[in-house]
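The values are calculated or read from the model by the stated rules, or taken from the named source; none is laboratory data. What you see is a predicted model; the values in this text were computed from it and never measured. Cβ atoms come from the backbone with ideal geometry, glycine included; neighbour counts cover every protein chain shown. Surface accessibility is based on the protein's heavy atoms, side chains included, excluding ligands, DNA and RNA. Shrake-Rupley method; radii C 1.70, N 1.55, O 1.52, S 1.80 Å.
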Amino acid sequence: MGRIADQLEIEGIPPYVESWSAARIPGFVPAVLNRWQNNFGKLPDDFAMVVCPQVEIDARGGLPDRVRELTNARLRFQHFTGCHKPYAVLLYAGNDAEAWRSEVQPLLAWSEGYLVSMTEETARMKFIEAVEECDDD
């Protein structure tokens, strides 16, 4: 099993999100994907990904209960950027990946949501949504 390609393509991300996007930090997403693959085996070809600053989760008292219910603990990572800022990265694979993302992401402030397709050469990420203020429910 080889390493995830460092080639990353992000489609459809608006300029205002690009300015604060963790996914746009060089090497961040490939490092997360490599870490997952090294620990748990080959990644699925298609999955949803939500990225959120850990400081936002901590400010709300931790990961919301509903997010914990909907997310397998093996698919929740805390990963640091090159400037040592921790981010929570949540992955989910399955036919209902978009439904999962649409329920989980509104609960996470300053989060980015993507649908990811993997090939041997490239991780292709389709930007779906950015949530700045989360639901208080």
Restrict the search to the range 35-137; then list the GluC sites (Glu not before Pro) that DSSP places in a loop and that have at most 14 other Cβ atoms within 10 Å of their Cβ. Glu120, Glu121, Glu132, Glu133
Dipole check, the chain, charges on Cβ (K,R +1; D,E -1), about Cα centroid: among Val131, Ala88, Ala99 the Cα furthest to the positive pole belongs to Ala88
Binned Cα-Cα distances of the range 11-75, short to long, each 5 Å bin given as a whole percent: 3, 12, 19, 23, 22, 17, 4
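Would you work out what percent of the accessible area of the chain, with all protein chains in place, is carbon or sulfur (probe 1.4 Å)?
Here it works out to 47 percent.
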Given a 1.4 Å probe, the accessible area of the chain per residue, as a whole number of Å², is 54 Å²
How large is the dipole of the chain about the Cα centre if only Lys and Arg carry +1 and Asp and Glu carry -1, each at its Cβ, rounded to the nearest 20 debye? 660 debye
How much of the DSSP beta bridge set in the chain is antiparallel, as a percent to the nearest 5? 85 percent
Taking percent of Cα pairs over 20 Å apart straight from the coordinates, which label in (1) 58; (2) 40; (3) 45 is the correct one? (2)
Can you list the trypsin sites (Lys or Arg not before Pro) in the range 1-77 that are in a DSSP coil and have 16 or fewer other beta carbons within 10 angstrom? Arg3, Arg24, Lys42, Arg60
